[in-house]
Amino acid sequence: MFFVFGSDNYIVQKKISTITKSKNTEVINFFNTDSYEFIKEIITKFSLFENEKTFIFNDFLYFSTESKANQLLISKIKNTKNTIIFKYMLNEKNTLTNIKNSIIYKSFSTISKIIETSEINQENIVEFIKNELNDLKIGLNPSQIIELESRLPFNGLIIHSEILKLQTLNTPINSELIHNLISDYSTHSTWGFINSFVSLDLKNTLRFYRQKLLEGQSLNLLIGQINAKLSLSFFVYLKKKAGLSDLEICNKMGISKLQINKATDLCNKIGIVKLENMIIKLAKLDSQIKKSLVNDKLAFELYILDLIH
């Protein structure tokens, strides 16, 4: 038996597909809108000549509101020869606490394998994209993967669907092709602003900046994001100047190879002298804004224009 939890349906379903493929059995899905009698009929149906099946229960906290009915199915499931998977999509209704307090979890968790899938976030989206590309046998270089990352949301199904577009091509993939073919979801991402900033894309940087202000995001957060990117670029430059390899920098700074590539690319684009000056100017700007010495929005926009022009 298996309990599979997660907040991204594509990732959860991919994990379940791995289980069902290994069992190589007929798969039957049950949903919490199915009637108790229908579920009982399928579960209790038995024949000496019937092949093993995999039953997937989607978002079940109980089988019936009646205690005796629940206990009957629980008993039958515990003694079945079939594979049982309890699938749960984590949300406001199906919280992990609600699931663990349910009669289903209490009855089967001790005899089941518990699998909780990760959600896609800023830290793992690159690795997720790389895995999808590998699964679909699509070869992209690091800069093209960064281009994909900047356009895609934290949603497994959308990422998979967009990457599938590349599989249909019979021509070499380049940045322009990705830009024209892959939909841009970055306006829905917290990281749309900083991705445009690192790419030195003035138009989109200002667009995302104004959008984030409308959404109630503070200038302090945006300044913090910029400071983190500029500082990382500066420190990677110093490490490389000291003769460290990319692998050594990864180990010493606890960052990925792709982060090193991004940091190096930013430094190469604006130059080390300007990079140092912009770090100093950003610190002064942050101090002036906090002390209310300048018009914060105007000063911030002028800083962006100074860096990206």
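The values are calculated or read from the model by the stated rules, or taken from the named source; none is laboratory data. The model shown is predicted, which means the values in this text are computed figures rather than measured ones. Positions of Cβ are generated from backbone atoms using ideal geometry, with glycine treated the same way; all protein chains shown enter the neighbour counts. Note: areas computed on protein heavy atoms with side chains; ligands, DNA, RNA excluded. Shrake-Rupley method; radii C 1.70, N 1.55, O 1.52, S 1.80 Å.
Observations on the structure shown:
- Normalising the average separation of contacting C-alpha pairs (under 8 angstrom, six or more residues apart) by the number of residues puts the relative contact order of the chain at 15 percent.
- Label-point gap, in nm, between residue 276 and residue 143 - each point 7 angstrom along Cα→Cβ: 2.7 nm
- GluC sites (Glu not before Pro) lying in DSSP loop within the stretch 27-82, provided at most 10 other Cβ fall within 10 Å: none
- Cα-centred dipole magnitude for the stretch 167-309, charges only on beta-carbon of K, R (+1) and D, E (-1), debye, nearest 20: 380 debye
- Measuring against 19 Å, Cα to Cα, the residue pairs 212/281; 14/113; 203/291; 229/252 contain 212/281; 203/291 as the ones spanning a longer distance.
- Answer label, with volume of the Cα convex hull per residue in Å³ calculated from the coordinates and candidates (i) 192; (ii) 156; (iii) 129: (i)
- Farthest toward positive dipole pole in the chain [+1 Lys/Arg, -1 Asp/Glu at C-beta], among 273, 104, 222: 273
- For the peptides 4-17, 22-35, the ranking by packing is 4-17, 22-35, with the highest mean count of neighbouring Cβ atoms within 10 Å listed first.
- On the chain, 52 percent of the accessible area sits on carbon and sulfur atoms, based on a 1.4 Å probe.
- Mean Cβ neighbour count within 10 Å, used as a protection proxy, ranking 115-127, 167-179 highest first: 115-127, 167-179
- Cα-centre dipole for the stretch 2-117 with unit charges at Cβ (Lys and Arg positive, Asp and Glu negative), debye to 20: 380 debye
- Degrees, to the nearest 10: 67-78 long Cα axis against longest axis of the chain: 80 degrees
- Listed residues 146, 169, 128: farthest to the positive end of the dipole of the stretch 124-181 (Cβ charges): 169
- Charged-residue dipole, Cβ positions (Lys, Arg, Asp, Glu), the chain about Cα centre, Debye nearest 20: 600 debye
- Between helix 296-307 and the chain there is an angle of about 80 degrees, using the helix long axis and the longest principal axis of the Cα atoms.
- Note on the stretch 2-117: antiparallel DSSP beta bridges, both residues inside, total approximately 0 percent of the bridges counted.
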